[in-house]
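Trainee: Starting off with a structure, shown below.
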Amino acid sequence: MTLAPSRRVAVVLAAGKGTRLRSDLPKVLHPVGGRPMIEWVLDATRGAGCEQTLVVVGHGAEQVREAIDDDSDIVWVEQHQQLGTGHALAQAEPHVEGDAILLVLYGDVPLVSVETLDRLSEAAAAGWGAMAAAELEDAGWLGRVITGPGGDLERIVEVPDAGPEELAVRLGNAGIYALPSPGIFDYLRRLEPANAQGELYLTDAVGDAAVAGDSVSVVRLGDPSEALGINDRADQARAHRALLERHMARLMAAGVTILEPARTVVEAGVRVGAETVIHPGVSLLGMTEIGAGCVLHQGAWIRDSKLADGVEVKPYSVFDRAEVADGCTVGPFARLRPASVLMEGARVGNFVEVKKTRIGAGSKASHLTYLGDATIGDGANIGAGVVTCNYDGAAKHQTEIGDGAFVGSDTMLVAPVRVGREATTAAGSTITDDVPDEALGVGRSRQRNIPGWARRMRKKIKRS
Ligand code: UD1
Ligand code: CA
């Protein structure tokens, strides 16, 4: 039998306070996998092609509305008092247009997949409604799903209302449903708060439908982690890890080596090319893009940065909004701050800090250096301990270093200043004036030696 495709409308319940998180921030804004948990839920509803998305907000409603980066299609529904999940869904009724399959999701269940929403919609279209359940070793605080002889739902029992036999049931309610509108609203209207928590449970309405002969099929999750609900900080940590690992699994399938995924952080917005090797303790955050064939050693922390192909990052280096071209080497212990650009094959070594600076192709700054507000040409060599003195206490100034220049160790470049093409600065110089192309700039006092000084000094000390 082929079924007519039905309209899908999503309702996300996100009004609860999340008391057990002990936080002023509304629960659904707490981050997992690098973004507010509700964003993951909204991704899934978008992926499932919902015609309308309603979000029920209450506690911290204003904050939630503001925080969700969304220019689109969300219809905000207010639940003024949080009287339970059934009451929350009931608030959506006036906003749902026409007959539809309602995909009901909880804002604190972020691992939900588009595939699950598709399966639920299909199951609901074939009968009355459907719900997702996870077979777990210990269903913990999830409502227990009791099925009838045909495998369909009989009822859902919340933990505070459950007896020992019900608690032993391993099938947990994931909190993801496909329910017909307007059908479900009849059951919601008849709800009573006759339970241990005194709430109007959505789960009771779904159970009541089943009792009345409106069959609810129980769709088992292939990946039980989809049922992870976040009620406290320990749940948050589990869901965060699960989201990171899900993305890392995808990257590994695409040819990225992640030596120890359990000790690695790769947020969902991060792209990594094939044959790149990621060592433990690496964090790749935000919108970072890593090319192919890179090696990222232990402790690299990279946020919103772009690394091209064949880049080697040695241990404990920090990148923040930096851009690095093919074949560069960075670190160990290097820091690339915003607007740092390394051109092809450039090298930045240990204890080198770079800010708003472009380092040309094949140029090197290997040790103990600060390069800020500078432009460095190709094939230049920046010696150990070089500092661009870019700030005079009031304004920042530019330093320019030409192609093939050799900046001697411990040169202070007092900006604004220019070191010419193929020019050299003598080690230990303080350069305050431009050095012409091919010239040597010396800016230090000449050394003098005082013979016999040590002997005279010793005598002096004895006398005193
Ligand atoms: C709920 C389910 C439980 C399921 C679990 C899955 C009920 C009665 N129980 O329990 O069977 O196993 O989720 O994670 O539904 N909310 C509102 N308004 C309210 C109350 C809650 O919007 O008045 C929202 C919350 O913000 C939250 C979601 O609904 O995002 C779930 O509420 P919560 O109190 O966390 O339910 P659980 O006890 O986890
Ligand atoms: Ca919950």
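The values are calculated or read from the model by the stated rules, or taken from the named source; none is laboratory data. It should be emphasised that the depicted structure is a prediction, and the values quoted were computed from it without experimental measurement. As a convention, Cβ positions derive from the backbone with ideal geometry for all residues, glycine included, and neighbour counts pool all protein chains shown. Each accessible area value is taken on the protein alone, full model and side chains, heavy atoms only, with ligands, DNA and RNA left out. Shrake-Rupley method; radii C 1.70, N 1.55, O 1.52, S 1.80 Å.
Trainee: Could you list which residues have their amide H under 5 Å from that of Val266, counting only those 5 or more apart in sequence or on another chain, with H placed in the peptide plane?
Mentor: Leu284
Trainee: If you don't mind, another one. If you place +1 on the Cβ of every Lys and Arg and -1 on the Cβ of every Asp and Glu, how big does the dipole about the Cα centre of the range 233-441 come out, in debye to the nearest 20?
Mentor: Rounded to the nearest 20 debye, it is 1020 debye.
Trainee: Another one. No solvent, one uniform scatterer per C-alpha: report log10 I(q)/I(0) for the range 348-443 via the Debye equation at q = 0.13 1/Å, two decimals.
Mentor: -0.33
Trainee: With only Lys, Arg, Asp and Glu charged, each at its Cβ (+1 for the first two, -1 for the last two), find how big the charge dipole of the chain is about the Cα centre; round to the nearest 20 debye.
Mentor: 4200 debye
Trainee: What Rg and what Dmax come out for the range 220-355 when only alpha-carbon atoms are used, in angstroms?
Mentor: Cα-based Rg and Dmax for the range 220-355 come out at 15.7, 53 Å.
Trainee: If you place +1 on the Cβ of every Lys and Arg, -1 on the Cβ of every Asp and Glu, and leave all else neutral, what size is the dipole of the range 8-227 about its Cα centre, to the nearest 20 Debye?
Mentor: Once rounded to the nearest 20, the dipole reads 320 debye.
Trainee: For the range 116-155, compute the orientation-averaged projected area of the C-alpha convex hull (one quarter of its surface), in nm².
Mentor: Average of the hull's projected areas for the range 116-155 equals 3.4 nm².
Trainee: Another question, if that's okay. In whole Hz, with x marking every Gly and Pro, tabulate ³J(HN,Hα) for the range 333-346 from phi via Karplus 6.51 cos²θ - 1.76 cosθ + 1.60, θ = phi - 60°.
Mentor: 6, 9, 9, 9, 8, x, 6, 8, 10, 10, 7, 2, x, 6
Trainee: Shifting gears a bit: Scaled to the compact-protein estimate 2.2 N^0.38 Å, what is the alpha-carbon radius of gyration of the chain, rounded to two decimal places?
Mentor: 1.38
Trainee: What is the range 8-227 by shape, rounded, prolate or oblate, if you read a ≥ b ≥ c off the alpha carbon gyration tensor as root eigenvalues and call it rounded for a/c under 1.5, prolate for a/b larger than b/c, and oblate otherwise?
Mentor: rounded
Trainee: Using amide H atoms built in the peptide plane, which far-off residues or other-chain residues are under 5 Å from Ala133 H to H?
Mentor: Sorted by chain and number, the residues that satisfy this are Ala174, Val219, Arg220, Leu221.
Trainee: Next question. Among Gln63, Val282, Asn231, which residue has its Cα positioned farthest towards the positive end of the charge dipole of the chain, with +1 placed on the Cβ of Lys and Arg, -1 on the Cβ of Asp and Glu, and the dipole taken about the Cα centre?
Mentor: The Cα lying farthest towards the positive end belongs to Val282.
Trainee: Moving to a separate point now. So, for the chain, what is the accessible surface per residue at a probe of 1.4 Å, expressed in square angstrom?
Mentor: Heavy-atom SASA per residue in the chain reads 46 Å².
Trainee: Separate question: Which ³J(HN,Hα) values in Hz, rounded to whole numbers, follow from the phi angles of the range 310-326 under the Karplus curve 6.51 cos²θ - 1.76 cosθ + 1.60, where θ = phi - 60° and Gly and Pro get x?
Mentor: After applying 6.51 cos²θ - 1.76 cosθ + 1.60, I find x, 8, 10, 10, 7, x, 6, 10, 10, 10, 9, 6, 10, 10, 10, 7, 3 Hz.
Trainee: Moving on. With each pseudo-label sitting 7 Å past Cα toward Cβ, what's the Ala212-Ser445 distance in nm, one decimal?
Mentor: Distance between the two pseudo-spin positions: 9.6 nm.
Trainee: Check which residues have an amide H placed less than 5 Å from Val419's amide H, if you skip close sequence neighbours.
Mentor: Glu400, Ile401, Gly402, Val435
Trainee: Treating the Cα atoms of the range 233-441 as identical point scatterers in vacuum, please give the log10 of the normalised Debye intensity I(q)/I(0) at q = 0.09, 0.12, 0.18 Å⁻¹, two decimals.
Mentor: Treating every Cα as an identical point scatterer, log10 I(q)/I(0) equals -0.38, -0.61, -1.08.
Trainee: How much length, in nm to one decimal, is gained on full extension between Arg22 and Asp138, taken as 0.36 nm per residue of separation minus their Cα-Cα distance?
Mentor: Roughly 39.3 nm would be gained on extension.
Trainee: Under a no-solvent Debye model with one identical scatterer per Cα of the range 111-236, what's log10 I(q)/I(0) at q = 0.12, 0.13, 0.16 Å⁻¹?
Mentor: Debye curve over Cα of the range 111-236, log10 I(q)/I(0) at q = 0.12, 0.13, 0.16 Å⁻¹: -0.42, -0.50, -0.77.
Trainee: Just going by the charge dipole of the chain, with Lys and Arg at +1 and Asp and Glu at -1 on Cβ, which of Ser72, Gln298, Ala100 is farthest out on the positive end?
Mentor: Of the listed residues, the answer is Gln298.
Trainee: Right, here's the next one. Using θ = phi - 60° and the Karplus relation 6.51 cos²θ - 1.76 cosθ + 1.60, list the HN-Hα couplings for the range 386-402 in order, rounded to whole Hz, with x at every Gly or Pro.
Mentor: Karplus values, whole Hz, x for Gly and Pro: 6, 10, 7, 8, 8, 10, 9, x, 10, 9, 9, 10, 8, 10, 10, 10, x.
Trainee: Follow-up. What is the P(r) of the range 16-117, as percent of Cα-Cα pairs per 5 Å bin from 0?
Mentor: Result, from short to long distances: 2, 12, 24, 26, 22, 10, 3, 1 percent.
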